[in-house]
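**Q** Got a structure here, written out as structure tokens. Questions coming.
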Amino acid sequence: MAASSLPPQVSAAPDLFPPVKRRHPWVALARRHPSIVIGGGLLLVIVVMAVAAQWLGTVDPNAIAPAKRNRAPSAEFWFGTDALGRDLYSRVLYGAQVSLMVGVAVAVCATILGLATGLVAGAVRALDAPIMRIMDGLMSIPPILLAVALMALMRGSVLNVILAISIAEFPRMSRLVRGLVLSIREQPYVDGAIVAGTALPMVIWRHILPNTLGPVIVQSTYICSAAMITEAALSFIGAGTPPSVPSWGTVMSEGRALWQIKPHMIFFPAVFLSLTVLAVNILGDGLRDAFDPRAGKRG
Amino acid sequence: MLTFVLRRLLTTIPVMIFVALFVFSLLYLAPGDPAALIAGDQATPEQIEAMRRSLGLDQPFLVRFWNWSWQVVQGDLGTSIFSNLPVTTLIAQRLEPTLSLMLLTVALSVLIAVPMGVLAGARQGGWIDRAVMAMAVMGFSVPVFVIGYLLAYVFSVRLNLLPVQGYTPLAEGFRPFLANLILPAVALSGVYIALIARITRTAMIDVLSQDYIRTARAKGLGTMQVLFLHALKNAAVPIVTVIGVGIALLIGGAVVTETVFAIPGIGRLVVDAILRRDYPVIQGVILMFSLTYVLINLLIDLSYTILDPRVRY
Amino acid sequence: MKWKSRVFGPVLAAGLVFSLSPALAETVLRVKPSGDVKVLDPTIAADSIARNFGYMIYDTLFAVDESLTVQPQMVESWSTSEDGKLWTFTLREGLAFSDGAPVTSADVIASLERWAKADAMGQALSARGAVWTQVDDRTFTLGLDRPWGLVLEALGKPGAPVPFILPARVIAAAAADQPVTDQTGSGPFVFVKEAWIPGSKLVFTKNPNYVPRAEPASGLAGGKVAKVDRVEWLILPDQQTALDALKQGELDIAEDIPTDLIPLAQMSPDVVISNQDEIGVAQQMRLNSLVPPFDNPKVRQAALLATNPQDYLDAMASGDDSLAKICRSFYVCSSPVYTEAGFPAPDLEQAKALLQEAGYDGTPVVILNAAENAQINPASLVAEQQLEAVGFTVDVQAMDWATVVTRRTSKEPVSNGGWSIFISGPGGLDFMVPNSHLGLRSNCEGAWFGWPCDATIETLREAYGEAPDLTARQQIAEEVQAKALETVPYVPLIVQYQIRAARSDLQGILATPAPVYWNIGRE
């Protein structure tokens, strides 16, 4: 763990360390794919912060104290307080849990749904057209509108936000997987396995699935960051997570009334949201370069 | 070519049916009753029940879906439960602002993002590339409403250069039209610029590694000529594709932008309709969105034949 | 960087700045109303925004002045028979609808009969056997079984639904329980339907056929003189944007701005802040008396004792007592029969004791929270905290307003989709006196959501309408309150004023129970 925070130059200072034949694997990774280390490192810091929120000097993020409203950042309230006197530092830290959970859970859900439908559509000819038409249909409804409609259908809760954004996001994954499957199917060894009489599920499991994983993981990082942004937009139009479970989006939309005179109410959650999305995107770019060596070459 | 277009149009029919059924059943299941909203905060339960009956909301799901589908087939999207105006009228009223906003945003994005992407792709790993990629990632990372508020604060409230809100139809003059739209378009283009710049960069990197580019370079053509004439043309297909895919994203962003800048557009129409359960309006608009989406992607597929001579239908 | 802004600033300004002054000579008033007019019929839609729309385009027989006294408006003269059972009214001369047709007794009767079905005071009239009879084009009578002291109060009531006068032909053309499709009226403004963009813009022009009364405007009464040619209602979905537009002069008046934004509005020298009226809205915590835990009056009393209005004042009105008031009463502070008699101070220990006595078993209190609402959401969170402090189990469920208004019709137990509490702020006009009191109505199934049931209160309400003088009325009001403190149909929180922000060069803005746009002009 500790090595990951070492700057890559360390290996270039041999006089301080005994010469090594093989570089430390973390250092090697950092040299080859700095994006993964930077993005992953930043994300790790945020995740640790979110998980350890309760030990980082926070108070109950939902405890309202109407007498201490709208305080500017100070020694007592590091990020100030909001219009109900809630401590923004605590809300931002606990908000990290919610926003990250939404992002990760949507990425996982959308990936599973997308893999399942995409693999079936790509592998079973008869189901290809119907599945893809349904995906077309879902994709043609703008994600935010779909999520707003789903939020109207279901009570405002974190689970429902996750479900709503997942349904909006997974068709893209499904299309990607289907495309990958179709191209992998053409490969001689897959063709060979089918001709040799291997059962289709086995072909998918052994040959197709492993080959789709790289692009799928990359895509799922983008879904993760898109989900966090979509959640913020949903909060803005009043269809986000419930107020008792504050996400960064909720905190921001609650603070927007006063932002011209109390910019701290939007500033802190916005910076954290942007940094997190940034970290996930950088990590995604790094992973893409790692999985697709051609893109990593200098042009 | 013609058979391709016809076949594509035919395949959109099941898509549309699916969208219609999906949206309809979603709304049918949603709690929230327009009758209770129309009757007002102080209405008694009996008044609400009477209102439900007079609106036909007490009929079973299939009856309502059948009635609605039959109307749609006849080209009638129904009337709004609240305003009593035909849904087609409501859409027509709000088409121009949304269309203008989206076209301006796409134009702005392409003009900014494509050169950015080309330059970034030309020197992968160089400082331009890093700067462009950083900007692109930032574009993805800041919510539209934060950008919108900042722009309005700086350019309208502080500098007094542009109006804060509203929309002026093009018919009333180009300058006021643009003055009202420029901030929303800039706010909305952030994500889109990021998306297009990234794809352009990737496509350029791909193309630049091809043999014919090396040949062109070897022939002594100038770098800019190679980049913008030869390479860009060959990288066009993924770029155009992403513009099409991004339309759905853009419509979603338009909802937020229209809210921040009080633009009477379709995005706001449908969000208000959802919040009020104005079923005919929601169904009509979503159906129209998906039709637009399908048609734009068809146009994009057709544009491949122009951009890439190898593609034929 | 600095030189850049110096060079490009003027260039940008020259290129992009555009003139806001209208080229046309017509005067326009641009208004952001408190919400969107969802249905263009103030009788069918009993909400305040539809009522405000009604005041633009329709006129009323009577209206309240600034001291809430009923004054004649369309009526020129009226008389009562000695037994108080027959009323005769004569309309002013020259009243006409915007299409030119004269306003006749037939129009009045059709309008009042339609209104009486929708309104509680109208129903009270009908319960006294009200019969409307046309005498001639300008004269009509009202016959009653027994006298009623509130006939003029009913005809001049400013709370929704208001007895507006519509053309009889328009009412005949509309289906029962359906909104009218034609907005012809005899009010000071005419609705321009062709320019209507639902959810975005409503346009009104001055009614050339309108004949205002000679008296100066006072409250909703007096001469309704339109001083601008055109009024535009702009629905701005974002409050921040609305305030910016007001500061920049793109908007003249913003109704009902959220308290959070008031400090921001006060920073601009061009904007003045004022209370829309001195009545305010009655913010309250409505309890569901039908299902556990609030089916037990002791548990409801515990909720009342657990409530400290000061926290609500802080959370909903930034603690600023010029924006809201604590009225320790079931009546709003401006009520003629306001009384604090018997109203308890918050007492957590007694609340806990009452809960124990009632054998509260931890059944969750389900709060329907319209989470996107800047008033309801903080109030719901305060309610959660205060109720938990005395031992309630609280479940705050976030939803949108459309879901709240539907869910609250449910009479099921909370385990089956029911509810215990919703927060709402109906207009204070309906919380003034026992007999038109929305929250205290206790006729079981017929009462407002929560369905309180109490025969004593119902009898007292009835008696209030017959009470001979103010002393007797005050007496009844106190008796009603004493009984309501036992049944606790709801918990009063605060009375909150609706705040209007306007450009400082506007003159003649009236303090009225419903915001109106006649009498307003520029310096």
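The values are calculated or read from the model by the stated rules, or taken from the named source; none is laboratory data. Predicted, not measured: the structure shown is a model, and the values here were computed from it. Note that we place each Cβ from the backbone using ideal geometry, even for glycine, and neighbour counts take in every protein chain shown. Heads up: the accessible areas ignore ligands, DNA and RNA and are worked out on the full protein's heavy atoms, side chains in. Shrake-Rupley method; radii C 1.70, N 1.55, O 1.52, S 1.80 Å.
**Q** Given an 8 Å cut-off on Cα distances and at least 6 residues of separation, report the relative contact order of chain C as a percent.
**A** Values: 1106 pairs, mean separation 98.2, N = 523.
Across chain C, relative contact order equals 19 percent.
**Q** Taking Cα atoms, how many degrees apart are the long axis of helix B:45-55 and the longest axis of chain B, rounded to 10 and kept between 0 and 90?
**A** Between the helix axis and the principal axis of chain B, the angle is about 70 degrees.
**Q** Let me ask you something else. Find the accessible area per residue for the protein assembly as shown; the probe is 1.4 Å, ligands and nucleic acids are left out, and the unit is Å².
**A** On a per-residue basis, 39 Å².
**Q** Rounded, prolate or oblate: which one fits segment B:1-141, using the alpha carbon gyration tensor with axes a ≥ b ≥ c (rounded when a/c is under 1.5, else prolate when a/b beats b/c, else oblate)? Don't skip to the end; give the middle numbers.
**A** Values: a/c = 2.97, a/b = 1.96, b/c = 1.52.
Judged from the Cα gyration tensor, segment B:1-141 comes out prolate (a/c at least 1.5, a/b above b/c).
**Q** Answer rounded, prolate or oblate for segment B:2-73, using the Cα gyration tensor with square roots of eigenvalues a ≥ b ≥ c: rounded when a/c is under 1.5, else prolate when a/b is larger than b/c, else oblate. Don't jump to the answer; show the numbers that get you there.
**A** Values: a/c = 3.91, a/b = 3.23, b/c = 1.21.
Since a/c reaches 1.5 and a/b is larger than b/c, the shape of segment B:2-73 is classed as prolate.
**Q** Kindly flag which residue pairs out of C:Lys38/C:Lys224; C:Lys85/C:Lys157; C:Lys117/C:Lys298 have an alpha-carbon separation exceeding 29 Å in this structure.
**A** C:Lys117/C:Lys298
**Q** No other cysteine beta carbon under 4.7 Å away is the test; run it over the protein assembly as shown and list who passes.
**A** A:Cys109, A:Cys224
**Q** Now, a different point. Residues of segment C:285-322 with accessible area at least 10 Å² lower in the all-protein-chain context than alone (1.4 Å probe)?
**A** In segment C:285-322, residues shielded by partner chains: C:Asp311, C:Asp314, C:Ala315, C:Ser318.
**Q** Once B and C are treated as a pair rather than alone, how much accessible area drops out, both sides summed, in Å² to 100, probe 1.4 Å?
**A** Using a 1.4 Å probe, the pair buries roughly 4400 Å².
**Q** Compute the longest continuous run of chain B that contains no exposed trypsin sites (Lys or Arg not before Pro); treat a site as exposed when its DSSP state is not H, G, I, E or B and it has at most 13 other Cβ atoms within 10 Å.
**A** B:1-218
**Q** May I pose another question? Take every Cα-Cα pair in chain B and report what % of them are more than 29 Å apart. Working shown, then result.
**A** On the way: 24828 of 48828 pairs.
The calculated P(r) of chain B puts 51 percent of pairs beyond 29 Å.
**Q** Once you average over the residues of B:202-208, how many Cβ atoms of partner chains fall within 10 Å of each Cβ?
**A** Average per residue, whole number: 2.
**Q** For chain C, divide the Cα radius of gyration by the Kirkwood radius and give the resulting Rg/Rh value with two decimals.
**A** Using Cα coordinates only, the ratio equals 1.00.
**Q** Enter the angle in degrees (range 0 to 90, nearest 10) between the Cα long axis of helix A:264-291 and the first principal axis of the Cα atoms of chain A, meaning the one along which they spread out most.
**A** Relative to chain A, helix A:264-291 is tipped by roughly 20 degrees.
**Q** Hey, another quick one. For n ≥ 4 DSSP H runs only, could you compute -39500 (n - 2.57) per run for the protein assembly as shown, divide by its residues and tell me the 222 nm figure to the nearest 500?
**A** Computed ellipticity for the protein assembly as shown at 222 nm equals -16500 deg cm²/dmol.
**Q** Using the scaling law 2.2 N^0.38 Å as the reference, what is the normalised Cα Rg of segment B:103-252?
**A** Computed over Cα atoms of segment B:103-252, the ratio equals 1.21.
**Q** Residues with amide H under 5 Å of C:Ser424's amide H, sequence separation 5 or more or different chain, H placed in the peptide plane at 1.01 Å from N; which?
**A** The answer is C:Gln284, C:Arg286.
**Q** What are the ³J(HN,Hα) values, in whole Hz, obtained from phi via the Karplus relation 6.51 cos²θ - 1.76 cosθ + 1.60 with θ = phi - 60°, for each residue of segment C:164-179 in sequence order, with x given for Gly and Pro?
**A** Per residue, the Karplus-derived 3J(HN,Hα) values read 6, 9, 10, x, 4, 5, 5, 5, 5, 7, 8, 6, 4, 6, 10, x Hz.
**Q** Based on the Cβ-Cβ distance from A:Leu56 to A:Arg206, what FRET efficiency comes out when R0 is 30 Å, to the nearest 0.05?
**A** Values: r = 46 Å, r/R0 = 1.53.
E(calc), rounded to 0.05, equals 0.05.
**Q** Follow-up. Give me a comma-separated list of calculated 3J(HN,Hα) values for segment B:67-77, in order, Karplus coefficients 6.51, -1.76, 1.60 applied at θ = phi - 60°, integers in Hz, x for any Gly or Pro.
**A** Working through the residues one at a time gives 4, 5, 4, 4, 4, 4, 4, 7, x, 10, 7 Hz.
**Q** While we're on this one: Test of understanding: express the Cα radius of gyration of the protein assembly as shown as a ratio to 2.2 N^0.38 Å, with N the residue count.
**A** Values: Rg = 32.4 Å, N = 1135, 2.2 N^0.38 = 31.9 Å.
Output field value: 1.02.
**Q** Right, something else. Kirkwood hydrodynamic radius (Cα pairs, Å) of segment C:281-496? Walk me through the numbers before you get to the answer.
**A** Values: mean 1/r = 0.0582 Å⁻¹.
Taking every pair of different Cα atoms in segment C:281-496, averaging 1/r and inverting gives 17.2 Å.
**Q** How many percent of the accessible area of segment C:281-496 is carbon or sulfur, using a 1.4 Å probe?
**A** 50
**Q** A further question follows. Might you work out the accessible area of A:Cys224 for me, using a 1.4 Å probe with all protein chains in place, and round it to the nearest 10 Å²?
**A** Roughly 20 Å² of A:Cys224 is accessible to a 1.4 Å probe.
**Q** Here's a follow-up. Can you check how the C-alpha radius of gyration of segment A:79-192 compares to 2.2 N^0.38 Å, as a plain ratio?
**A** Ratio of Rg to 2.2 N^0.38 Å for segment A:79-192: 1.43.
**Q** Amide H to amide H, which residues 5 or more places from C:Gly319 or on other chains are under 5 Å from it, using H placed in the peptide plane?
**A** Amide H neighbours of C:Gly319, under 5 Å, 5+ apart: C:Asp314.
**Q** Next question, about the same structure. On average, how many beta carbons from a partner chain sit within 10 Å of the beta carbon of a residue in A:250-257?
**A** Other-chain Cβ atoms within 10 Å of each residue's Cβ, averaged: 4.
**Q** Classify chain A as rounded, prolate or oblate from the Cα gyration tensor: take a ≥ b ≥ c as the square roots of its eigenvalues, call it rounded if a/c is under 1.5, otherwise prolate when a/b beats b/c and oblate if not.
**A** The shape class here is oblate.
**Q** Kirkwood Rh, segment C:62-169, all Cα pairs: how many Å?
**A** 14.1
**Q** If one takes the accessible area of chain A alone plus chain B alone and subtracts that of the pair, with a 1.4 Å probe, what total in Å², rounded to the nearest 100, results?
**A** The summed interface area works out to 4100 Å².
**Q** For segment C:221-257, which GluC sites (Glu not before Pro) are in a loop by DSSP, counting at most 14 other Cβ atoms within 10 Å?
**A** The qualifying sites: there are none.
**Q** How long are the three semi-axes of the equivalent ellipsoid of segment A:101-260, in whole Å, if each is the root of 5 times an eigenvalue of the C-alpha gyration tensor, listed from largest down?
**A** The answer is 37, 14, 11 Å, longest axis first.
**Q** Also, I was wondering about something else. Please turn the phi angles of segment C:489-501 into ³J(HN,Hα) values with the Karplus equation 6.51 cos²θ - 1.76 cosθ + 1.60 (θ = phi - 60°), one per residue in order, whole Hz, x for glycine and proline.
**A** x, 7, 10, x, 9, 9, 9, 10, 7, 7, 9, 10, 10
**Q** To continue, here is another question. What does the charge add up to near C:Pro147, with Lys and Arg as +1, Asp and Glu as -1, over the other residues with Cβ less than 11 Å from its Cβ?
**A** Charge balance near C:Pro147 sits at -1.
**Q** Taking accessible area as the heavy-atom solvent-accessible surface of the protein chains with a 1.4 Å probe, which residues of segment C:375-398 lose no less than 40 Å² upon going from the isolated chain to the full protein assembly?
**A** Correct list: C:Leu381, C:Gln385, C:Ala398.
**Q** Moving on. Give the angle, between 0 and 90 degrees and rounded to the nearest 10, that separates the Cα long axis of helix A:34-51 from the longest principal axis of the Cα atoms of chain A.
**A** 50
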